[in-house]
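Everything on this sheet refers to the single structure shown next.
The values are calculated or read from the model by the stated rules, or taken from the named source; none is laboratory data. Everything numeric here is computed off the predicted structure, so don't read it as measured data. In this analysis, Cβ positions are derived from the backbone assuming ideal geometry, glycine residues included, and neighbour counts consider all displayed protein chains.
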Amino acid sequence: MATGSINVSVENIFPLIKKFLYSDHEIFLRELISNATDATLKLKHLTNIGEAKVAYGDPKIEVKVDKENKLLHIIDQGIGMTAEEVEKYINQVAFSGAEEFLEKYKDSAKDSGIIGHFGLGFYSAFMVANKVEIITKSYKDEPAAHWTCDGSPTYTIEPHDKTERGTEIILHIGEDDVEFLEENRISELLIKYNKFMPVPIKFGTKTETLPKPEEAKEEDPAPTQEVDNIINNPNPAWTKQPADLKDEDYKGFYRELYPMQFEEPLFNIHLNVDYPFNLTGILYFPKLGQDMNFQKDRIQLYQNQVFVTDNVEGIVPEFLTMLRGVIDSPDIPLNVSRSYLQADGAVKKISSYITRKVADKLNSLFKNDREDFEKKWNDIKVVIEYGMLSEDKFFEKADKFALYPTVDDTYFTFEELQEKIKENQTDKDNKLVILYASDKDEQHAYISAAKDKGYEVLLLDSPIVSHLIQKLETSKENISFVRVDGDHIDNLIKKDEETISKLSDEEKDALKVDLEKVIPAEKYTVQLEAMDSNASPFMITQPEFMRRMKEMQQTGGGGMNMFGNMPEM
Ligand code: ADP
Ligand code: MG
């Protein structure tokens, strides 16, 4: 047997990195700012532990566009590199200085927020630049270095006269990527990826209006001054302790996240766990109403405050993708396919942790302020009902706080409902029969007839109600749901024989013919029966199962375009 090592030649690997490593050119900026952030956080850590004897000061990162010379500069005041370190960290592709740092400082640095990982981010610069320069001065007392590379595997390195500590990356933007010389484009990218990164990022300046001095006249313009335009909030709410935040802070952060969203969220859930995985975040319940097609993908996923994606499919259970907010976890493997993600053990744990937190929060809202919870019910029920259908663990928890409103706006939990109707609403098999309406106006006559008999009628009008009913019937013993216009209701509502008999056979037949014109007889059982309610002497009923079959067909496939296929039941 012979063994050998696979030979990787740099000439081959370089274009591969450029072409395939990242599908999206724009992420180069995220990578370079991540490196600048890491360099700053490393310095912070080393000054904290006394290893670097320099003043940390108030460092920031600056991005500058030089359209004329087709240059983009990313400048930091971080740890810098000596010439030797440039050789080690930059010239060795796939050697991560970030990982080395975390390894070296282990426990003390584990919460430092260092981003880098694979030692490849820097090379994404070559996706948009045909030449890259690094001018860097280490915090150590050594001369600055100037590295230049045009994207071929050869580079030059020479001393430089830079005196301030830190690193400047200069990108010579290529012809195909001149969009990255537009201020608007850069600004858009900074807001997208770097809005909550932990080191202040400056992009140009802005004019700030100062208060008018006392002696100023009415017509005098207010004085102004030019200040740094800092594009990020280095301390976003989710990185703080829940105890340090007030309701106003959560609402303020929501506006920061969704500046175009004018409606306030109903409530929030602060996620904060560091074992067995690391995850922080804030989720918001927006007002949802009946809308199943509510825009998904509004939850943003971050890793160490760097935006990664707003597609959280596979990480958050599907029914929660209707929520909004932020999740930040360094433990989500993102360089893998989504289908792998769903099977990944760590990700499964994260998903079930989130589900549990959401259920617990809902339960505490229900317990602490039931009145308020009832008021919000119509805006949150779609999420809860969908969750009950798709996750059994959630069903168990939600069963205690899920509400079933009556047509008269009384809200029962399932248990309360059972208690309420057990005397009066059983059929011949002693099954509890739960009556419900799906449309108050349309089923008005049936509702009042049932109410006259002293029955409770629920109003179940969410788009997935037929699935929910099915789920409840299979998971609870001895109950069945019947819509108020179902013919099964006969078993409960005693027919008023006398009123029926007042109609002649001809009258009944005539009406039946009229009704069948509107409703195809083969699909519906048209029954004429006289109820004792004066307003509606005639009722059309149809077998519960037939109507349901039809509804399930409608909502089972294309009807539920938001969720694709419904779980099998
Ligand atoms: P990673 O960030 O995953 O470690 P990169 O390819 O992004 O890998 O960067 C490689 C290494 O180069 C970093 O780990 C770091 O040691 C060094 N480096 C890159 N940019 C800077 C910078 N702005 N200041 C100091 N060191 C840097
Ligand atoms: Mg990096």
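Yes or no, residue by residue, for (1) within 14 Å of the chain's Cα centre (by Cα); (2) closer than 23 Å to Ser329 by Cα; (3) modelled with pLDDT of 95 or more:
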residue: Glu218; (1), (2), (3): no, no, no
residue: Thr239; (1), (2), (3): no, yes, yes
residue: Ile269; (1), (2), (3): yes, yes, yes
residue: Asp274; (1), (2), (3): no, yes, no
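May I ask you to verify whether Val178 is loosely packed, with under 15 Cβ neighbours inside 10 Å, in contact with an Asp or Glu (Cβ under 9 Å, 6 or more places away or on another chain) and at pLDDT 95 or above? In short, no. If the condition is being buried (at least 16 other Cβ atoms within 10 Å of the Cβ) and under 18 Å from Asp328 (Cα atoms), then segment 246-267 contributes Tyr250, Phe253, Tyr254, Leu257, Tyr258. When Thr209, Thr239, Thr205, Thr167 are checked against the criterion of being β-branched (Val, Ile, Thr) and within 16 Å of ligand 2 (Cβ to nearest atom), a single residue qualifies: Thr167.
What number of residues in segment 94-146 are at pLDDT below 85 and away from ligand 2 (no atom under 12 Å from the Cβ)? Qualifying residue count for the region: 8.
Tell me which residues, restricted to segment 298-311, are part of a strand (DSSP E or B) and modelled with pLDDT of 90 or more. First the steps, then the outcome.
Kept after step one, since they are part of a strand (DSSP E or B), are these residues of segment 298-311: 299-303, 306-309.
Answer for segment 298-311, where residues must be part of a strand (DSSP E or B) and modelled with pLDDT of 90 or more: Ile299, Gln300, Leu301, Tyr302, Gln303, Val306, Phe307.
Here Tyr155 meets each of (1) at pLDDT below 95; (2) over 30 Å from Lys44 (Cβ atoms) with one exception, condition (2).
If you check Gly204, Gly252, which single one turns out to be under 23 Å from the mean Cα position of the chain (by Cα), modelled with pLDDT of 95 or more, of a type outside the set (Lys, Arg) and outside any loop (DSSP other than H, G, I, E, B)? Let's see the steps before the verdict.
Numbers: Gly204 fails: under 23 Å from the mean Cα position of the chain (by Cα).
When all the criteria are applied, what remains is Gly252.
In the condition set (1) in contact with a Leu (Cβ under 7 Å, 6 or more places away or on another chain); (2) within 19 Å of Ile170 (Cβ to Cβ), Gly113 is compliant with all but (2).
Of the residues making up segment 371-398, those that are touching a residue at least 40 places away in the same chain (Cβ under 8 Å) and either of a type in the set (A, V, I, L, M, F, W, C) or out of contact with any helix residue (DSSP H, G or I) (no Cβ under 7 Å at 6 or more places or on another chain) (or both) number 11. Out of the residues in segment 277-297 that are assigned to a loop (DSSP other than H, G, I, E, B) and modelled with pLDDT of 85 or more, which is surrounded by the most Cβ atoms within 10 Å (Cβ to Cβ)? The residue in question is Pro286. With the requirement that a residue be within 19 Å of Glu84 (Cβ to Cβ) and either exposed (fewer than 14 other Cβ atoms within 10 Å of the Cβ) or in contact with a His (Cβ under 7 Å, 6 or more places away or on another chain) (or both), what does segment 104-129 give you? Within segment 104-129, Lys104 is the sole residue that qualifies.
Name the strands (runs of 3 or more DSSP E) wholly within segment 77-183 that hold at least 3 residues that are within 13 Å of ligand 1 (Cβ to nearest atom) and over 36 Å from the mean Cα position of the chain (by Cα)? Walk me through how you get there before you give the answer.
On the way: elements: 129-137, 144-149, 155-160, 166-173.
The strands (runs of 3 or more DSSP E) meeting that bar are 129-137, 144-149.
For segment 429-482, enumerate the residues that are more than 14 Å from Glu544 (Cβ to Cβ), touching a residue at least 60 places away in the same chain (Cβ under 8 Å) and not in a helix (DSSP H, G or I). Asp461, Ser462, Pro463, Ile464, Lys476 - these are the residues of segment 429-482 that are more than 14 Å from Glu544 (Cβ to Cβ), touching a residue at least 60 places away in the same chain (Cβ under 8 Å) and not in a helix (DSSP H, G or I). If you go through segment 390-415 and keep only what is within 19 Å of Lys376 (Cα to Cα) and exposed (fewer than 15 other Cβ atoms within 10 Å of the Cβ), you end up with Lys400, Asp408, Asp409. Go through segment 388-426 and count every residue that is farther than 24 Å from Ile354 by Cβ, of a type outside the set (Ser, Thr, Tyr) and not in a helix (DSSP H, G or I). Within segment 388-426, residues that are farther than 24 Å from Ile354 by Cβ, of a type outside the set (Ser, Thr, Tyr) and not in a helix (DSSP H, G or I) number 9.
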